[in-house]
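Accompanying notes for the structure given below.
The values are calculated or read from the model by the stated rules, or taken from the named source; none is laboratory data. What you are looking at is a predicted structure, and each value in this text was computed from that prediction instead of being measured. Cβ placement follows ideal geometry from the backbone for every residue including glycine, while neighbour counts extend to all protein chains displayed.
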Amino acid sequence: MLRLTTGRVGSLLARRATAMVPGVMIYGGRNAHSDMSQPMYWDRADIPLPDKPYKDVLTDADKSLKQKEKGPWGQLTKEEKIALYRLSFCQTFPEMKQKTAEWKTVIGGVFFFLGFTGLVVWWQRVYVYPPRPRTFEDEWQAQQIKRMLDMRVNPIQGFSNKWDYEKGQWK
Amino acid sequence: MSLPKPVMRGLLAKRLRFHLPIAFTLALTAAIAFKYTVTEPRKRAYADFYKQYDAVKDFNAMREAGVFESVQPTGK
């Protein structure tokens, strides 16, 4: 049981970490991106233009493509345009926004901890709660209601209004 | 790639022109509905209650039930 829990918590943490820092964990070597004092690349919908392009070490083919980019863009082929995009960005917005199955883990975790809390509350009910006050007993409650009716509590539209005093019963 | 320029100004005014009359009408309707479903029946209930109300009879009934501390039931 414990091993299952740590496994589930571990996967939840790993997934949350990947969602927060995708540039570090998935896309680069850790050596390349571990200097957090330099501008970093992020695949995030709320940072559409990250601080630096995705690929900053260009091969010769990439460099010649970048030179061609300085000219009129109409002369670039479709593949070249896509290659230039992929030099600057790792994922497109649709790729970034792909749904994950994380919600299942979240809901499962929520139910699990609700269940655990239920067990805790049950234990408390057995071992911690004091004895029930005597005001909860049926006889006491009946005497309480009779006293409220005798005092004419809310006789116009409320409590005593619903009691028929002649017949001695509820209306 | 020549889209028309989108509307840049007067957006709040346009929204208010549409929503404010609706809001006022709904608020007024709510108030009128409350008046005639709650306050008028309540006023009538109170009036009817006190038309036939005998305070002394009620007091004696309560006294016999034994709920007072200042007077005891007539038996004692």
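For A:Gln124, the requirement of being more than 30 Å from A:Pro53 (Cβ to Cβ), modelled with pLDDT of 95 or more and within 14 Å of chain B (Cβ to nearest Cβ) is not met.
Has the stretch A:149-167 got at least one residue that is in contact with a Leu (Cβ under 9 Å, 6 or more places away or on another chain), within 14 Å of another protein chain (Cβ to nearest Cβ) and small (Gly, Ala, Ser)? Yes: the stretch A:149-167 contains one or more residues that are in contact with a Leu (Cβ under 9 Å, 6 or more places away or on another chain), within 14 Å of another protein chain (Cβ to nearest Cβ) and small (Gly, Ala, Ser). From the list B:Arg9, B:Arg44, B:Arg15, the one residue that fits, being basic (Lys, Arg) and closer than 19 Å to A:Gln157 by Cβ, is B:Arg44.
Among the residues of the stretch B:46-72 satisfying the criterion of being hydrophobic (A, V, I, L, M, F, W, C) and part of a loop (DSSP other than H, G, I, E, B), which is nearest to the other protein chains (Cβ to nearest Cβ)?
Restricting to residues being hydrophobic (A, V, I, L, M, F, W, C) and part of a loop (DSSP other than H, G, I, E, B), the top hit is B:Val67.
Looking only at residues in the stretch A:102-157 that are surrounded by 10 or more Cβ atoms within 10 Å (Cβ to Cβ), among the charged types (D, E, K, R) and not in a helix (DSSP H, G or I), which one is nearest to the chain's Cα centre (by Cα)? So the residue we want is A:Glu137. Checking every residue in the stretch B:37-45 against the condition of being among the β-branched types (Val, Ile, Thr), more than 10 Å from chain A (Cβ to nearest Cβ) and exposed (fewer than 10 other Cβ atoms within 10 Å of the Cβ) gives zero matches.
Criterion applied to A:Ser64, A:Ser11, A:Ser37 was being at pLDDT 90 or above and in a helix (DSSP H, G or I), and the one residue passing it is A:Ser64.
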